[in-house]
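Since the structure comes first, as structure tokens, the remarks are kept for the end.
The values are calculated or read from the model by the stated rules, or taken from the named source; none is laboratory data. What you see is a predicted model; the values in this text were computed from it and never measured. Quick reminder, even Gly has a Cβ in these numbers, built from the backbone with ideal geometry, and neighbours come from all protein chains shown. Side chains included, ligands, DNA and RNA excluded: accessible areas come from the protein's heavy atoms. Shrake-Rupley method; radii C 1.70, N 1.55, O 1.52, S 1.80 Å.
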Amino acid sequence: MKNISIYLTVFILFLTFVACQNENKKTNDPVEEKVQNLLSQMTLEEKLGQLVQTNYGGEPDNWKEQLVNGKIGSFLNLSGVEHANELQRIAVEESRLGIPLLIGRDVIHGFKTIFPIPLGMASAWSPEYAEGAMAIAAREASAYGINWTFAPMIDVTWDPRWGRIAETSGEDPYLTSVLGAAMVKGFQGEDPTEDGRIAACAKHFVGYGMSEAGRDYNTTYIPETKLRNVHLRPFKAAADAGCLTFMSAFNDLNGVPTSGNYYTLQTILRDEWNYNGMVVSDWASIEQQIIHGYTETPKDAALSSIVAGVDMEMASRTYDNLGELLAEGKITEELINERVANILRVKFKMGLFDNPYTDETYQNTRVLTNESLDYARKVARGSMVLLKNEEQTLPLKKSQKVALIGPLTNAPHDQMGTWVFDGDEKNSITPLTAFTEILGNKLNYAVGLEYSRDKSKAGFAAAIAAAKKSDVIVFIGGEESSLSGEANCRAVLNLPGIQDELLNELSKLGKPLVLVVMAGRPLGIGEQIAQADAVLYAWHPGTMAGPALTDLIFGDYSPSGKLPVTFVKGAGQIPLYYYHKNTGKPTDPNNMILIDDIPRNSKQLSLGFTSFHIDYGIDPLFPFGYGLTYTTFEYSDVTLSSNQLAMDGSIEATCTITNTGNCTADEIVQLYVRDLFGSITRPVKELKGFKKITLEPGESKVVSFTVSPNDLEFHNGEKYVIEPGKFHLWIAKDAASGEYEEFSLDSAI
Ligand code: GLC
């Protein structure tokens, strides 16, 4: 008994010491002092006002009284620097405490200068581009009075049916983590008070990308191991990158809506990660807990979310019940203070108390500059992925007669992609404009189909005629932007409309056929790809789609993009991702009997007994990390500095890459590792690093990666572990290539 009391005393002393430390840390932090000082002056009504984010819809006068009384903490969907300044002025100069407003907007992949959709940008595998593009987006948005964006969207998904795959960085948690952190840095800079910076928002926390059936807002079931090893990783990277805000999501996660989920919002985000930023709900996602059937009334919904950890309510007003909940003793003022402090902390860190207003001349000098447009062209070039290039069909010569055909040849709105609130199609440079500029009268243009879903053959004859009098056909098809994005999910992954029929007619002409696809998702268009001699996947490339495309088509630059997501042959293969588990009966390509090879009257026990579809087999249309260039690269001499990795050491893995072709190009070299045995089953491969190199023809470079035990950490359902054992390592051009080297992680050495 005596021992226990000693231990208990020591434990209490320890807790007291920790609490003092934390208190000290807080009081020594100048921002914290300002937060606590302001909080101490606020009335309950003013505190509750900070928790409100309202959708801007009216004239400034509608809000005047609420702002003067400190009843609004933030607006969204407001644009126009004059309005922003007017609302800030009322809040700052006419309210009792002068607390500035957070003015939020969806600046997802550009503001006026539109960059490729995030899935396109991810195809460049470039943290530099991600940061640079978002820095331009921040500079342009801030010129319009916006000081907060609801980006980066860092949900991981395996489902191309989901419309919002367009907004993701693809299927891989490591790539999404690296690019998400870079985007946070682009928006916020090292110092968010710096001119031209805006607060970032890591969304949607968490697991939204697993919406069942790829149907938006659908339920998600994610076991702890998958939640930890896949979906939480990019959010931890964003938090570590200093992302000032998070956004909770629409989906219910294992039965608990993510906007009322204490485990994710408090236990993980706050307690484990010690995150002290702010959490905003998604649009009315607090109120939707009633529709989920998780809470009965708006008051219950407010209680659920305020306790779980949502600081600010977007668009709905359940938090108007917080006063009553406080009076009923269901929540404490300390809890309210915590929520308000998280919001005030962001406002102080953004420097809004010192600089709430925007210079109204910036909107004329900082937007759509030549530098920004040139950067958008560079990023769009880097985002396009060369999937096929038979007989070096590409690059084309500027002396050739080109038939330009297809519904996305001249679609200034659609080329910008989804989530473009402020981009203006009048600034888009389309492929038609760019091709015309280069080819002049050597261009034979016939749109063929007016838009991606067009079912009329009225344009076919002219298109075929244009093709007949040309040396080569360039068909630009795909999806209108409205076929992807929020709530725009597709169950079939084909080219919409009758694009396939027009392509079929064109392919009969015996001319070189180049297929360019603009889309918001990977499409299962194996047949159309087979009919083409060259295929360039351009995603929705943004404002500078045209010039970026002709830069590649005519060989001024070589394509360098690599797929950030597996391309399935058809929706029936979903989910299909490269870091799958081995299963107990892994696919044996030599023992895979496909549907047309099954003998008639064969007995049920005659097939391969391994994991595959008898119609599709097991291979994807294209693997994760895949992408061609105009040259060829040879990977050789993968070498490890040692085959034994000590728990406190590291090994260096190197590979020689040689440009064996005849043009300069970039190559994205990828590092994958497999953990052969673990306390839970482990993926057959996981991306652990990547590097982009540029090689002249004939040039070789040695690329090296350092692997340490921390890179091998995973969560086994109970805790994060690093387990000794055998590992395979690849340095390769994509997830389906290369030979492995083996190393072991030893606990002993
Ligand atoms: C939407 C989206 C979210 C967006 C928010 C504000 O419904 O889910 O990503 O930031 O509402 O527009």
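A few comments on the model shown:
- Residues that are within 16 Å of the ligand (Cβ to nearest atom), open to solvent by less than 30 Å² (accessible area, probe 1.4 Å) and outside any helix (DSSP H, G or I), drawn from region 282-320: D282, A284, S285, I286, V310, D311, M312, E313, M314, S316
- Here region 215-258 is the region considered, the condition is being aliphatic (A, V, I, L, M) and more than 18 Å from the chain's Cα centre (by Cα), and the residue that is nearest to the ligand (Cβ to nearest atom) is L253.
- G207 meets the conditions (1) within 16 Å of the ligand (Cβ to nearest atom); (2) surrounded by 24 or more Cβ atoms within 10 Å (Cβ to Cβ); (3) on the phi < 0 side of the Ramachandran plot in every case but one. The failed one is (3).
- You will find that of K726, K692, the residue that is open to solvent by 40 Å² or more (accessible area, probe 1.4 Å), among the charged types (D, E, K, R), closer than 25 Å to A124 by Cα and not assigned by TED's automatic domain parsing to the domain that holds Q392 is K692 and no other.
- L44 vs. criteria among the aliphatic types (A, V, I, L, M) and at pLDDT 95 or above: yes
- Failed item, numbered, when R105 is tested on (1) modelled with pLDDT under 95; (2) within 14 Å of the ligand (Cβ to nearest atom): (1)
- Region 22-41, residues that are modelled with pLDDT under 95 and within 37 Å of the chain's Cα centre (by Cα): N22, E23, K25, K26, T27, N28, D29, P30
- Number of positions in region 670-682 that are touching a Lys or Arg at 6+ places or on another chain (Cβ under 6 Å) and assigned to a strand (DSSP E or B): 5
- Test for G725: is it closer than 19 Å to S560 by Cβ and in contact with a Phe, Trp or Tyr (Cβ under 6 Å, 6 or more places away or on another chain): no
- Residue match in region 162-181 (condition: at pLDDT 95 or above, of a type in the set (K, R), in a helix (DSSP H, G or I) and surrounded by 24 or more Cβ atoms within 10 Å (Cβ to Cβ)): yes
- Test result for S259, among the hydroxyl-bearing types (S, T, Y), buried (at least 23 other Cβ atoms within 10 Å of the Cβ), modelled with pLDDT of 95 or more and assigned to a helix (DSSP H, G or I): yes
- G323 in contact (Cβ under 8 Å) with a residue 60 or more places away in the chain, farther than 30 Å from G110 by Cβ, open to solvent by 10 Å² or more (accessible area, probe 1.4 Å) and not hydrophobic (A, V, I, L, M, F, W, C): yes
- Here G214 fulfils each of the conditions (1) among the small types (G, A, S); (2) closer than 30 Å to P356 by Cβ; (3) in contact with a Cys (Cβ under 6 Å, 6 or more places away or on another chain) apart from (2).
- The residues of region 710-742 that are within 25 Å of the chain's Cα centre (by Cα), assigned to a loop (DSSP other than H, G, I, E, B) and either under 15 Å from G689 (Cα atoms) or of a type in the set (F, W, Y) (or both), listed by number, are E713, K733, D734, A735.
- Residue within region 112-128 that is at positive phi and within 16 Å of the ligand (Cβ to nearest atom) present: no
- Contacts under 8 angstrom Cβ, first residue in region 674-698 being of a type in the set (S, T, Y), partner in a loop (DSSP other than H, G, I, E, B), 6 or more apart: S679/N716; S679/E723; T681/N582; T694/T664
- Those residues of region 364-391 which are open to solvent by 40 Å² or more (accessible area, probe 1.4 Å) and either modelled with pLDDT under 95 or not aromatic (F, W, Y) (or both), in sequence order: N364, T365, L368, N370, E371, D374, R377, K378, E390, E391
- G542 vs. criteria in contact with a strand residue (DSSP E or B) (Cβ under 9 Å, 6 or more places away or on another chain) and of a type in the set (G, A, S): yes
- Qualifying residue in region 501-515 (condition: crowded, with 23+ Cβ neighbours inside 10 Å, among the hydroxyl-bearing types (S, T, Y) and touching a strand residue (DSSP E or B) at 6+ places or on another chain (Cβ under 7 Å)): no
- Qualifying residue in region 185-200 (condition: part of a strand (DSSP E or B), more than 28 Å from V492 (Cα to Cα) and in contact with a Leu (Cβ under 7 Å, 6 or more places away or on another chain)): yes
- Any chance D155 is outside any helix (DSSP H, G or I), within 16 Å of the ligand (Cβ to nearest atom) and charged (D, E, K, R): yes
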